[in-house]
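I have placed the structure first, in the form of C-alpha cells, so that the comments after it can refer back to it.
The values are calculated or read from the model by the stated rules, or taken from the named source; none is laboratory data. No experiment lies behind these values; they were computed from the predicted model shown. Neighbour counts run over all protein chains shown; Cβ positions are idealised from the backbone, glycine included.
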Amino acid sequence: MDNAASLPMTQVKEPPRGDSQNPAIPIHQASDTSMASIITDAFTQDHHACDHRLAAAEACVGRGDWSDIGTAAEALVSAMNRHFDAEEQTLFPRLAEIYRVAANPIEVMLSEHAQMRVLFEDLTEAVGRQDRDTCLGILETLHFLTQQHNSKEECVLYPMADGALKTQAGEIADLLAHG
Ligand SMILES: [Fe+2]
Ligand SMILES: [Fe+2]
C-alpha cells in the first residue's frame, strides 16, 4: 500500500488489475516501489531546508542584529528562488506535459510563487531600510504562505509527479542537489 498512500488523489480500493483506466499513474507496479517517492522526498527535504532558513531569518530580526539579517535574508531568498526555479522550469512543465490533470493545481502553485517572489523583494527592501516591523511582518506572511503552499505540493503534486515521471525522477531531484 506504500505506492497507494503516496497518491492521495487516486482512490485505490482493490490491488492490481483495474488500473488500465489510468495509465498515467501506474500505481500498482511493485517493481517501482523504490522509485516511488524520489521527487517527493527531494523536494520535501528542500522545503525543510528553506523552512530552516526562514526560521534563521526570523531569529535574526528578533535579535535586531542587522549585520546578520542581511545575510540570513539573502540566503532565504536565494534558496527559495532556486527551489521555485526547479519547479517552474523543469518539474511542473514536465508533469503538465505528461499528466494534463495537473495543469490547474500547477497554475495555482505558480501564482503563489509569484506572490512570494514579490515578498522577497519587499523583504530585501525592508532589510535595506532596517525596518524591523516590516521585516517581521513579511517573514510571518512568508511563513504562513509556505506552509500552505508546501503542504499542497507535498500531498498532491509531488506524489503525482513521482507517478508520472518515474524515468526522470532522479534527474529532476538532482536539480536541487547540484543546482
Ligand atoms: Fe512551489
Ligand atoms: Fe516546492
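Here is a check on your reading of the model: is Ala79 over 16 Å from Ala161 (Cβ atoms), modelled with pLDDT of 95 or more, under 19 Å from the mean Cα position of the chain (by Cα) and more than 15 Å from ligand 2 (Cβ to nearest atom)? Answer is no for this residue. Scanning the stretch 63-101 for residues that are out of contact with any helix residue (DSSP H, G or I) (no Cβ under 7 Å at 6 or more places or on another chain) and closer than 16 Å to Arg129 by Cα yields Asp65, Trp66, Ser67, Thr71, Glu74. Every condition in (1) surrounded by 14 or more Cβ atoms within 10 Å (Cβ to Cβ); (2) within 16 Å of ligand 1 (Cβ to nearest atom) is met by Ser151 except one, and the failing one is (1). Output yes when any residue across the stretch 103-119 is more than 15 Å from ligand 1 (Cβ to nearest atom) and surrounded by 14 or more Cβ atoms within 10 Å (Cβ to Cβ), and no when none is. So far as the stretch 103-119 goes, no, none of its residues is more than 15 Å from ligand 1 (Cβ to nearest atom) and surrounded by 14 or more Cβ atoms within 10 Å (Cβ to Cβ).
Can you tell me which condition Thr134 does not meet? The list is (1) within 16 Å of ligand 2 (Cβ to nearest atom); (2) surrounded by 16 or more Cβ atoms within 10 Å (Cβ to Cβ), and all the others hold. That leaves (1) as the condition not met.
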